[in-house]
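Here's the structure, in structure tokens; my notes come after.
The values are calculated or read from the model by the stated rules, or taken from the named source; none is laboratory data. Predicted model only: the values in this text are computed from it and were never measured. Reconstructed Cβ throughout: ideal geometry from the backbone, glycine too, with neighbour counts over all protein chains shown. Note: areas computed on protein heavy atoms with side chains; ligands, DNA, RNA excluded. Shrake-Rupley method; radii C 1.70, N 1.55, O 1.52, S 1.80 Å.
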Amino acid sequence: GCFSQSFLAKRYKIYYNTQTYFKEDRIMIIVTGGAGFIGSNFVFHMLNKYPDYRMICLDALTYAGNLSTLEPVMDNPNFRFVKADIRDREAVYKLFEEEKPDIVVNFAAESHVDRSIENPSIFLETNILGTQVMMDACRKYGIKRYHQVSTDEVYGDLPLDRPDLFFTEETPIHTSSPYSASKASADLLVLAYHRTFGLPVTISRCSNNYGPYHFPEKLIPLMIANALNDKPLPVYGTGENVRDWLYVEDHCKAIDLIIHNGRVGEVYNIGGHNEMTNLDIVKIICKELGKPESLITFVADRKGHDMRYAIDPTKIHNELGWLPETKFADGIKKTIKWYLENKEWWETIISGEYQNYYERMYSNR
Ligand code: NAD
Ligand code: DAU
């Protein structure tokens, strides 16, 4: 990339010297969904990079949230964990009263497309109404920035035979699953709160993440866990669907840049120019783990399955100097190493309630 670390560091310095945006005392950030995959990685990134900030994680600890993930920071005096639901107005308002946050980063969501096909209701409740409660709290108590973590899935999908097409921030919203429809609804509500009430919002729409603490129901960790247990690797349809994979740390760095330097009222796409078919991903995992490709099993396709996602990250690159730093070849090695070294984390998950989910989704498929 053309932006070195020192260039980015300089940008931050310029920013700190010139902005009057934050209050003098330390910055308080509420991170919702911080016990999940990306939220926890974001908490670690921020505590590590800004030793003066106070990070408050608000998480309901649904099936996808894991308190053990946050174990390494539980004793950090700059960190606080609060178990609460973003739909619980009373609990959210109470937390705002106590902490007077400067910034809210809303990761909390139901995030799995297959679960949204099985049961859409909770997706609408958490992803839309929960977002509303968080923004109402911001209006009531005041906020310097509300950031909504959204997804490239709000743009629908692209055809496989048009590799020249990419999602830009101008691409129309065109959703496929109850999950993506709920995320798009939330985005529209966020923009409405900006226009109608002047709430200082930003939105980021990121492509598929991978890395440590990724819940084993998702493609990459599911395939790693199954391969390690010599279980079949269930590829939906023909495995030709394309996703644009981004190492989770790069996503966290992009959000860090947006909440500090992004323009209020704007949407930023985040993605890696790293398109791969599902089948290629699974083959790479087999190769890295020394497992035979004969484990691959083609199963019934996902309903309404999006063909291809591909982000054009020009805007965030030009405005904020962001570029993905981790190449897929390195990121997948790091990820696999993490799953090998942290077996207890995911074995605990897959030995519990997850077994019922797996049974429902994959048996007789
Ligand atoms: P995840 O499912 O791993 O984690 C979600 C977290 O939110 C969990 O800790 C869960 O306990 C918490 N949560 C769920 N409902 C809640 C509620 N009602 N109140 C409080 N907490 C609640 O999800 P993830 O993959 O880390 O995704 C985080 C965000 O990023 C989501 O908004 C998702 O839409 C978005 N996103 C994800 C990806 C990806 O590839 N995983 C890509 C782009 C955008
Ligand atoms: O693009 C961003 C989105 O990426 C996020 O908004 C979502 O929260 C996140 O879950 C992810 O959605 P996907 O549906 O792309 O991810 P998933 O890991 O579920 O699936 C990736 C691809 O792999 C998809 O084409 C379906 C396929 N797949 C998935 C599973 C779990 C399989 O072939 N077999 C499987 O067992």
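Please list Lys334, Lys315 in order of solvent-accessible area, largest first, computed with a 1.4 Å probe with all protein chains present.
On the way: Lys334 100, Lys315 40 Å².
If we order Lys334, Lys315 from most to least accessible, we get Lys334, Lys315.
Which whole-number percent gives the relative contact order of the stretch 249-365, counting Cα pairs below 8 Å spaced six or more residues apart?
Details: 51 pairs, mean separation 43.4, N = 117.
That works out to 37 percent.
Which of the aspartates and glutamates could a cross-linker span from Lys315 if the Cα-Cα distance has to be under 14 Å and same-chain partners fewer than 8 positions apart are dropped?
Glu169, Glu170, Glu266
Excluding Asp230 itself, what net charge comes from residues whose Cβ is under 14 Å from its Cβ, given Lys and Arg +1 and Asp and Glu -1?
On the way: positive: Lys231, Lys291; negative: Glu293.
That works out to +1.
Find the accessible area per residue for the stretch 31-73; the probe is 1.4 Å, ligands and nucleic acids are left out, and the unit is Å².
Ligands and nucleic acids excluded, the result is 32 Å² per residue.
Using a simple spin-label model with points 7 Å from Cα along the Cα→Cβ vector, what separation in nm is obtained for Asn119 and Glu97?
3.3
Would you tell me the accessible area of Ile128, worked out with a 1.4 angstrom probe on the heavy atoms of the protein chains, in Å² to the nearest 10?
So the heavy atoms of Ile128 present about 40 Å² to solvent.
Round to the nearest 10 and give me the degree value, 0 to 90, for the angle of helix 248-261's Cα axis relative to the longest principal axis of the chain.
The helix 248-261 is inclined about 20 degrees to the chain.
What figure, in Å² to the nearest 10, do you get for the accessible area of Phe81 with a 1.4 Å probe and non-protein molecules left out?
Surface accessible to solvent at Phe81 totals approximately 50 Å².
Can you tell me the length gained on complete extension of the stretch Lys49 to Asn318, counting 0.36 nm per residue apart and subtracting the Cα distance?
94.5 nm
Once the other residues with Cβ under 14 Å from the Cβ of Asp280 are scored (Lys, Arg +1; Asp, Glu -1), what is the net sum?
Once positives and negatives cancel, what remains is -1.
On the accessible surface of the chain, probed at 1.4 Å, how many percent belong to carbon and sulfur atoms?
51
May I ask you to list the lysines whose Cα is less than 28 Å away from that of Lys343, ignoring any residue fewer than eight positions away on the same chain?
Lys49, Lys83, Lys218, Lys231, Lys253, Lys283, Lys287, Lys291, Lys327, Lys333, Lys334
Please compute the contact order of the chain in relative form: average sequence separation of alpha-carbon pairs under 8 Å and at least six residues apart, divided by the residue count, as a percent.
Across the chain, relative contact order equals 17 percent.
How far is helix 328-341 tilted, in degrees, relative to the longest principal axis of the Cα atoms in the chain, given as a value from 0 to 90 rounded to the nearest 10?
80
With a point put 7 Å past each Cα toward its Cβ, work out how far Lys287 is from Asn229 in nm, to one decimal.
2.6
Give me the aspartates and glutamates in straight-line cross-link reach of Lys100: C-alpha distance below 17 Å, same-chain residues under 8 apart excluded.
Glu24, Asp25, Asp52, Glu90, Asp136
Take the chain, connect every pair of alpha-carbon atoms lying under 10 Å apart with a spring to form a Gaussian network, then pick out the residue of Phe215, Phe197, Phe96 with the largest mean-square fluctuation.
Of Phe215, Phe197, Phe96, the most mobile in the Gaussian network model is Phe197.
What fraction, in whole percent, of alpha-carbon pairs in the chain exceed 28 Å separation?
Across the chain, Cα pairs with separations above 28 Å total 42 percent.
In the full protein assembly as shown, how much of Met276 is accessible to a 1.4 Å probe, in Å² to the nearest 10?
Accessible area, nearest 10 Å²: 30 Å².
How far apart, in nm, are the 7 Å Cα→Cβ label points at Lys327 and Glu347?
So the two model labels end up 3.4 nm from each other.
Please determine, in degrees from 0 to 90 and to the nearest 10, the orientation of helix 5-18 with respect to the longest principal axis defined by the Cα atoms of the chain, where the helix direction is its Cα long axis.
30
Ranked by accessible surface with a 1.4 Å probe, highest first, in what order do Glu169, Glu249, Glu344 come?
Highest to lowest solvent-accessible surface, that is Glu344, Glu249, Glu169.
How much length would be gained if the chain were fully extended between Lys303 and Asp25, taking 0.36 nm per residue of separation minus their Cα-Cα distance, in nm to one decimal? Could you put the intermediate results ahead of the total?
Details: separation 278, 0.36 × 278 = 100.08 nm, distance 5.03 nm.
Stretched out fully, the Lys303 to Asp25 stretch lengthens by 95.1 nm.
What number comes out for accessible area per residue over the stretch 279-359 if the probe is 1.4 Å? Units Å², please. Display every interim value, and only then the final one.
Working: 4270 Å² over 81 residues.
Accessible area per residue: 53 Å².
Using only the heavy atoms of the protein chains and a 1.4 Å probe, how would Ser182, Ser294 rank by accessible area, largest first?
If we order Ser182, Ser294 from most to least accessible, we get Ser294, Ser182.
Using only the alpha carbons of the stretch 100-233, what is the convex hull's orientation-averaged projected area in square nanometres? Mind dumping the intermediate values first?
Values: hull surface 41.3 nm².
In nm², the orientation-averaged hull projection of the stretch 100-233 is 10.3.
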